[in-house]
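Below: the structure, in structure tokens.
The values are calculated or read from the model by the stated rules, or taken from the named source; none is laboratory data. Bear in mind that the values here come from a model prediction, so they are computed numbers and not experimental data. Only protein heavy atoms, including side chains, enter the accessible area calculation; ligands, DNA and RNA are left aside. Shrake-Rupley method; radii C 1.70, N 1.55, O 1.52, S 1.80 Å.
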Amino acid sequence: NIIEQKAAFLLADGNIVDANGQSAGVAFYNLQENESYFLIVRSRNHLDVMSSNLITVQNGRFIYDFTTSASQAILNQMVEVSDNVFALYAADFDGNGVVIVIDYNIFRTYLSLISVYTIGDVNMDGNVTVTDFNYYRPNISRIGLSEIRY
């Protein structure tokens, strides 16, 4: 059951902040203090993840670091991007929880766009280039967690 959902910003360093861009963390208003919940993170063009552990709400906020280990997400749905730093799998352009040829077709329609905010920009540098394709290629046929796929 979805208890609450919020739009937020996922920063380049992995931190998530409220949509106002200033608050540390994301404030929730319908969650019970000191109760535990699973946390799901969705990004515009990456596979979604769910925390592997229940997280206790403190002061209306979750404190949880997905970046420290693949096991922070249920069923290890994270990829190691550098020494002991983990991130979401890239290139789920249509957001349906699987990376397949349809995602490539979406990427191709945005190819060569510069200075844009679009789902085709996997590395989120504002440009849709072959670099973004290089994130797609190793993730072809990757399937996200069925419990949270759309």
Exercise. Return a whole-number percent for the relative contact order of the chain, with Cα pairs under 8 Å and 6 or more residues apart as the contact set.
Key: 18 percent
Practice problem: May I ask you to rank 44, 142 by accessible area, largest first, using a 1.4 Å probe over the protein chains only? | Solution: 142, 44
Quiz prompt | Semi-axes of the equivalent ellipsoid for the chain, Cα gyration tensor, largest first, Å | solution = 27, 17, 14
Quiz item: Can you give the calculated 222 nm mean residue ellipticity of the chain, where each DSSP H run of n ≥ 4 adds -39,500 (n - 2.57) and the sum is split over every residue, rounded to the nearest 500 deg cm²/dmol?
Solution: -3000 deg cm²/dmol
